[in-house]
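Note sheet for the following structure.
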Amino acid sequence: MPGNVPKFIDKAHERGADCVLVDLEDSVTVAEKPTARAMLPETMKKVARGGADVAVRINRPLRLAIPDIEAAVRPGLSALFITKTEGVQHLKLLDEAVSELERERGMPVGSVGFGAMIEHPRALAHIDDIAERAPRVIAMMLGGEDFALETGSDPERRDRSNCPSGWSRSPPRRTAWR
């Protein structure tokens, strides 16, 4: 849910979701990111009214991620979704910043989980390492559109007639790690 659109924020608690993901990344323009960050404390309170956990999807590069983390890490936050996760070192760096904020804000250190979003082939090569050794990881997912773009694929392509035999007819498969 875009973190800067009041009509979505005001009704999110009515949806019956277990977790509401407040987006500060792709659904918020660069010009609107400071506004979305400033709205975040009130946004988190509003979306949690129905009992849902609150997660926030943060930006990459680091220069955009740090202000997102500073705005998001507060009591009531369950997880940060880390876009364009590169590897264990990337998550350790963010863990350091989050731990410092948790201490400053009277939260138990380690209370905020990380959802590692794998959106580049480089990260896919390290997926086992991320799953086994990265701090705070509670979920991992493939960011299909960004991953497709990074590999030169067209994420909007619907015609699979020239795919190797069987690809277009195979049912989708779901895989979970950890």
Karplus-derived 3J(HN,Hα), 6.51/-1.76/1.60, for each residue of region 14-26, Hz, glycine and proline x: 8, 7, x, 6, 6, 9, 10, 9, 8, 9, 10, 9, 4
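Restricting to Cα pairs below 8 Å that are 6+ residues apart, what does the relative contact order work out to for region 6-150? Please round to a whole percent.
Working: 228 pairs, mean separation 28.7, N = 145.
Normalised by residue count, the contact order of region 6-150 is 20 percent.
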Stretch gain in nm, segment L93-E145, where the contour uses 0.36 nm per residue and the Cα spacing is subtracted: 16.2 nm
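Gain in length, R122 to E156, computed as 0.36 nm per residue apart minus the alpha-carbon separation, to one decimal in nm? Intermediate results must be reported in sequence, preceding the final value.
Working: separation 34, 0.36 × 34 = 12.24 nm, distance 2.22 nm.
Working it through step by step, the gained length comes to 10.0 nm.
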Residues of region 74-98 with amide N under 14 Å of a point placed 7 Å along Cα→Cβ from E132: 88
Rounded to 10°, Cα long-axis angle of helix 33-47 versus longest principal axis of the chain: 80
By how many degrees, between 0 and 90 and to the nearest 10, does the Cα long axis of helix 88-104 differ from the longest principal axis of the chain? 20
Using 0.36 nm per residue of separation minus the Cα-Cα distance, give me the extension gain between A31 and D18 in nm, one decimal. 1.7 nm
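For region 6-150, what mean projected area does the convex hull of the alpha carbons give, in nm²?
Seen from a random direction, the Cα hull of region 6-150 projects 8.5 nm² on average.
Where a number appears in this text, it was derived from the coordinates with a stated rule and is not lab data. As the structure is a computational prediction, the values presented were derived from the model and not from experiment. Note: ideal-geometry Cβ built from the backbone for every residue, glycine included; neighbour counts use all protein chains shown.
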